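Written out below as structure tokens is the structure these notes cover.
The values are calculated or read from the model by the stated rules, or taken from the named source; none is laboratory data. Predicted model, so just to flag it, every value in this text is computed and none were measured. Note that each Cβ is placed from the backbone with ideal geometry, even for glycine, and that neighbours are counted across all protein chains shown.
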2 protein chains.
Amino acid sequence: MTFLQEVVDILLAYIVESFDRDTKVIDFHYPNELLQRNNWELQDDPATLDDILISCRATLKYAIKTAHPRYFNQLSTGLDMVGLAADWLTSTANTNMFTYEVAPVFVLLEYVTLKKMREIIGWPDGRGDGIFSPGGAISNMYAMLLARFKMFPEVKEKGMSSVPRLVAFTSEHSHFSIKKGAAALGIGTESVICIKKLCKQLSFIPLQCATAGTTVYGAFDPLIAISDVCKKYNIWMHVDGAWGGSLLMSRRHRWKLDGVDRANSVTWNPHKMMSVPLQCSALLVREEGLMQNCNQMHACYLFQQDKHYDLSYDTGDKALQCGRHVDIFKLWLMWRAKGTIGFEAQIDKCLELSEYLYNKIKDREGYEMVFDGKVSLHLTFTLLKNTVHGSLTQVAPVIKARMMEYGTTMVSYQPQGDKVNFFRMVISNPAATFEDIDFLIEEIERLGQDL
Amino acid sequence: MTFLQEVVDILLAYIVESFDRDTKVIDFHYPNELLQRNNWELQDDPATLDDILISCRATLKYAIKTAHPRYFNQLSTGLDMVGLAADWLTSTANTNMFTYEVAPVFVLLEYVTLKKMREIIGWPDGRGDGIFSPGGAISNMYAMLLARFKMFPEVKEKGMSSVPRLVAFTSEHSHFSIKKGAAALGIGTESVICIKKLCKQLSFIPLQCATAGTTVYGAFDPLIAISDVCKKYNIWMHVDGAWGGSLLMSRRHRWKLDGVDRANSVTWNPHKMMSVPLQCSALLVREEGLMQNCNQMHACYLFQQDKHYDLSYDTGDKALQCGRHVDIFKLWLMWRAKGTIGFEAQIDKCLELSEYLYNKIKDREGYEMVFDGKVSLHLTFTLLKNTVHGSLTQVAPVIKARMMEYGTTMVSYQPQGDKVNFFRMVISNPAATFEDIDFLIEEIERLGQDL
């Protein structure tokens, strides 16, 4: 207990530091250097508890401060104190979601929360099904699995050789997990058709994945138009709202997902825009019972049929996983603490910061928008060639490397299609302010001035 | 910070209570009753921090005390203080395994630990590959994915329609995740051939899953014999050591896995016999580079090729997941604290308790072994009909329901094949003692005496 309290003291100090703008976001070292800076090797003999405390401090010293108000590098940023407390409680409870028997409260909270999320999507009385999965990629894979099973239930027993060629339509800006899912499920990546316009002539059995908040541009597919096509051709409609789904909680912004209630399934990751600690990803499904039929294998050592309680709360056989980590409590407790209006305010603020950045650089000399930031969830922009001496391709990587070496801020960059490296500025950190946005632009200009 | 410390105080009190034999393992309530006992609903408006603390206390009040020395219900039990501290640190660091950029230390620790595990398996110089995945079912699915890709790399792009019918051979006692994986991957459950003996005539392209520590009986497949067949017919050999893999750390017991070094892949879950907090499951792969080739999709927003550090540390594209929870730190820190010899002692002790139970009941009146406990990882036994008035089928469920209502202990039961309900006694809890085993038997007899 003394040991645990000592670790807690280290963690509390780290948290205070993480929110301090005078602290570096990152104390960067190259992999080989970091390997040598500490003794990370595993030994036959035990270490002392003092050594263990030293290891904890070293680990945090070189960690990225993802809670730092100037950390913009990923879709998941920030650190919520209630969410963190909930995650600590989850670790302490150290149990498994597969049965009510071993996780009674967490199973009920998952039930309550999924129902609430389905109500927000707009499905009647919040009816339907769902599961918290290990991330948006797996949630999307679940959707593909369900779409296939819905059309060809025999695929479960007989495999893909029993069904016609399957095709998934999606936009060219959809997340790469659609292709990973297609590869894993035996559909094949060549059967993922990336479309610019909707295909009207379908020769194969399709599923459609629309994206609400694309990874690179933060753009929204037109869900109503897509749902019309899906209805006409009897296509399973999945909405990947891993990033943008949280906008459903904002009365000001939820119109961007108009038509989401027509989807068959929706991915929605509270660990992104809602700043729930990693991992927390939900797949919501409109049809009840389908997940169970699709995935169940009736393991009799877990799902005994003669238990003394209502077996519908043994949700484990719906999952691809056997054991499943408890991801629900941090979301549920944060929702209690903030209320729906608290999440709404947090999301609105992130989008306001994004708009502020848009207005700041849209006419600024030397910048060019890569994608129209006005309708986007985040901003992509590039520094123009005429402001720099070298090749435009090298500008963003060099500035980013310098950011990491100075440790002052972190933002992502990438190429896309015929566009060379541009910055992709994501704001999901509730601790960020207008001043942090100002700082970012100043820092980009300072670090890039000699280029 | 005050709030976090208040939650920590609640958690510390819960931990002390969990290890106290005078505390109930479970304060059981039926789902509908539990739903009504507290206000679990999510509201529009925020709750006060005091309300949040009340919610934390209520959640723990109805939680199962998985650390309790008399909790034997699952393969994952116990609570290690160093592991818990490491999990709290992980939550606080709140980052993602996909790139070195955002998880430098954790990526290195995964590298160091996987290498060590491969050395223990016996692969030369610990070479090979691997990943920590969200549980044994996903680790097994990875193995099937790799086996398929190794034989037919075109399946990634072209899907299952481009390859011959695939078959997976496994024992009838293998884990249900093999079938779940086959269903998901488009192989189909009918192509999972559950064999009693090894097939010598293979008409299809197969992969073989051997089990080291079966879920129900804790039995070991003969890995050397299986590896001979696999070699002869060029079959991918996967060893599902989710439960039994940890025995590799015991000089006394590792002979049960002799031949594991001949496998192409091994699942090994430190969250089971090694008592690492949930979740912590590793897939180890003998061939380097295969995982990357099998799963990579080159997402340019994460895996930029012009970063300033060694890109081999950006391990995310090997994974099926995009974001991946940090599961490594708790294992690494426990390994540091215990040393390899500490894990060995812990595992040996669990098996000693199992042997003690075996000796206690093998000749005891009214008991029958379901499976020869002498070579097993855990014990399955049944109460005999002549000691009870009712039907033998009902005995175990009634005793189990009473255990949960009294809250004194928890142990699993199940039917299997033509065998009616029997008890399945798993010992992985380092806090359990000989007295707790005595207590379990007395409690079974006390709760079942009127049956």
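Could you list, in sequence order, all residues of the range B:341-352 that are out of contact with any helix residue (DSSP H, G or I) (no Cβ under 6 Å at 6 or more places or on another chain) and either at the interface with another protein chain (Cβ under 7 Å from one of its Cβ atoms) or of a type in the set (A, V, I, L, M) (or both)?
Selection gives B:Ile341, B:Gly342, B:Ala345, B:Leu351.
Consider A:Pro46 carefully, then state whether it is assigned to a loop (DSSP other than H, G, I, E, B) and in contact (Cβ under 8 Å) with a residue 24 or more places away in the chain.
no
Does the range B:427-434 include one or more residues that are within 14 Å of B:Tyr217 (Cα to Cα) and under 24 Å from the mean Cα position of the chain (by Cα)?
Yes.
Is at least one residue of the range B:34-43 over 21 Å from B:Thr433 (Cβ atoms), surrounded by fewer than 17 Cβ atoms within 10 Å (Cβ to Cβ), of a type in the set (Lys, Arg) and at pLDDT below 95?
Yes, the range B:34-43 has at least one match.
Of these, A:Glu405, A:Glu442, A:Glu365, which one is acidic (Asp, Glu) and touching a Phe, Trp or Tyr at 6+ places or on another chain (Cβ under 7 Å)?
Matching residue, one of A:Glu405, A:Glu442, A:Glu365: A:Glu405.
Please list, ordered by first then second residue, the pairs with beta carbon atoms under 7 Å, 6 or more apart or interchain, first in the range B:108-137 and at the interface with chain A (Cβ under 9 Å from one of its Cβ atoms), second surrounded by fewer than 22 Cβ atoms within 10 Å (Cβ to Cβ) and of a type in the set (Asp, Glu).
Here the result reads B:Val112/A:Glu41, each pair linking the range B:108-137 to a residue that is surrounded by fewer than 22 Cβ atoms within 10 Å (Cβ to Cβ) and of a type in the set (Asp, Glu).
Among the listed residues A:Gln449, A:Gln394, which satisfies the condition of being among the polar types (S, T, N, Q) and within 13 Å of chain B (Cβ to nearest Cβ)?
Just one listed residue meets the conditions, A:Gln394.
How many residues, within the range A:306-344, are in contact with a strand residue (DSSP E or B) (Cβ under 9 Å, 6 or more places away or on another chain) and either surrounded by fewer than 18 Cβ atoms within 10 Å (Cβ to Cβ) or of a type in the set (Val, Ile, Thr) (or both)?
4
Within the range B:304-326, can you find the residues that are at the interface with chain A (Cβ under 8 Å from one of its Cβ atoms), more than 19 Å from B:Gln279 (Cα to Cα) and outside any helix (DSSP H, G or I)?
Residues satisfying the conditions are B:Gln304, B:Asp306, B:Lys307, B:His308, B:Tyr309, B:Asp310.
Scan the range A:56-66 and give yes if some residue there is more than 7 Å from every other protein chain (Cβ to nearest Cβ), surrounded by 24 or more Cβ atoms within 10 Å (Cβ to Cβ) and in a loop (DSSP other than H, G, I, E, B), otherwise no.
Yes, the conditions are met somewhere in the range A:56-66.
Can you tell me how many residues in the range B:262-276 are under 19 Å from the mean Cα position of the chain (by Cα) and part of a loop (DSSP other than H, G, I, E, B)?
Count: 8.
Take the range A:175-209 and flag every residue that is more than 23 Å from B:Ser162 (Cα to Cα) and modelled with pLDDT of 90 or more.
A:His175
From the residues in the range B:145-162 that are of a type outside the set (Ser, Thr, Tyr) and out of contact with any Ser or Thr (no Cβ under 9 Å at 6 or more places or on another chain), which one is modelled with the lowest pLDDT?
B:Met151
Taking the range B:29-55 as the search range and keeping residues that are at the interface with chain A (Cβ under 9 Å from one of its Cβ atoms) and of a type in the set (S, T, N, Q), which one is farthest from A:Tyr100 (Cα to Cα)?
Once the filter is applied, the top-ranked residue is B:Thr48.
Being within 7 Å of chain A (Cβ to nearest Cβ) and in contact with a helix residue (DSSP H, G or I) (Cβ under 8 Å, 6 or more places away or on another chain): is that true of B:Lys158 here?
yes
Using the structure shown, decide if A:Phe329 is among the aromatic types (Phe, Trp, Tyr) and more than 8 Å from chain B (Cβ to nearest Cβ).
Answer is no for this residue.
As an exercise: evaluate B:Pro69 against (1) free of Cβ contacts under 8 Å to residues at least 60 places away in the same chain; (2) in a loop (DSSP other than H, G, I, E, B) and give the number of the one condition it does not meet.
(1)
Could you tell me whether A:Thr92 is within 7 Å of chain B (Cβ to nearest Cβ), surrounded by fewer than 24 Cβ atoms within 10 Å (Cβ to Cβ), more than 28 Å from A:Phe423 (Cα to Cα) and not charged (D, E, K, R)?
Considered against the rule, which asks whether it is within 7 Å of chain B (Cβ to nearest Cβ), surrounded by fewer than 24 Cβ atoms within 10 Å (Cβ to Cβ), more than 28 Å from A:Phe423 (Cα to Cα) and not charged (D, E, K, R), A:Thr92 comes out as no.
Considering the range A:277-303 alone, what residues qualify as being touching a strand residue (DSSP E or B) at 6+ places or on another chain (Cβ under 6 Å), in a loop (DSSP other than H, G, I, E, B) and either at the interface with chain B (Cβ under 8 Å from one of its Cβ atoms) or surrounded by 21 or more Cβ atoms within 10 Å (Cβ to Cβ) (or both)?
Passing the criteria: A:Cys300, A:Tyr301.
Quick check: is even one residue across the range A:165-173 assigned to a loop (DSSP other than H, G, I, E, B) and facing chain B (nearest Cβ under 10 Å)?
The answer is yes, given that some residue of the range A:165-173 is assigned to a loop (DSSP other than H, G, I, E, B) and facing chain B (nearest Cβ under 10 Å).
Residues in the range A:5-25: is at least one modelled with pLDDT under 95, surrounded by fewer than 18 Cβ atoms within 10 Å (Cβ to Cβ) and more than 7 Å from chain B (Cβ to nearest Cβ)?
The answer is no; no qualifying residue exists.
Test B:Ser227 against the stated conditions and say whether it is polar (S, T, N, Q) and buried (at least 24 other Cβ atoms within 10 Å of the Cβ).
The answer is no for B:Ser227.
Hand me the list of strands (runs of 3 or more DSSP E) wholly inside the range A:371-451 holding 1 or more residues that are modelled with pLDDT under 95 and farther than 30 Å from A:Arg254 by Cα.
Fully inside the range A:371-451 and qualifying: A:379-383, A:419-425.
Out of (1) part of a strand (DSSP E or B); (2) within 8 Å of chain A (Cβ to nearest Cβ), what's the single condition that is false for B:Arg336?
B:Arg336 satisfies all of (1) part of a strand (DSSP E or B); (2) within 8 Å of chain A (Cβ to nearest Cβ) except (1).
Looking at (1) more than 27 Å from A:Lys419 (Cα to Cα); (2) without any contact (Cβ under 8 Å) to a residue 24 or more places away in the chain; (3) more than 10 Å from chain B (Cβ to nearest Cβ), which is the only condition A:Glu355 fails?
(1)
I'd like the full set of residues that are under 18 Å from the mean Cα position of the chain (by Cα) and in a strand (DSSP E or B), limited to the range B:124-164.
B:Gly130, B:Ile131, B:Phe132, B:Ser133
Output the residues belonging to the range B:212-224 that are out of contact with any strand residue (DSSP E or B) (no Cβ under 7 Å at 6 or more places or on another chain), crowded, with 22+ Cβ neighbours inside 10 Å and either outside any loop (DSSP other than H, G, I, E, B) or not β-branched (Val, Ile, Thr) (or both).
Of everything in the range B:212-224, just one residue is out of contact with any strand residue (DSSP E or B) (no Cβ under 7 Å at 6 or more places or on another chain), crowded, with 22+ Cβ neighbours inside 10 Å and either outside any loop (DSSP other than H, G, I, E, B) or not β-branched (Val, Ile, Thr) (or both), namely B:Gly218.
Return yes or no: is B:Met410 in contact with a Leu (Cβ under 7 Å, 6 or more places away or on another chain) and over 27 Å from B:Lys256 (Cα atoms)?
Taking the combined requirement at face value, the residue does not satisfy it.
Would you check if there is a residue in the range B:20-36 being under 18 Å from A:Val8 (Cβ atoms) and under 27 Å from the mean Cα position of the chain (by Cα)?
No, the range B:20-36 has no match at all.
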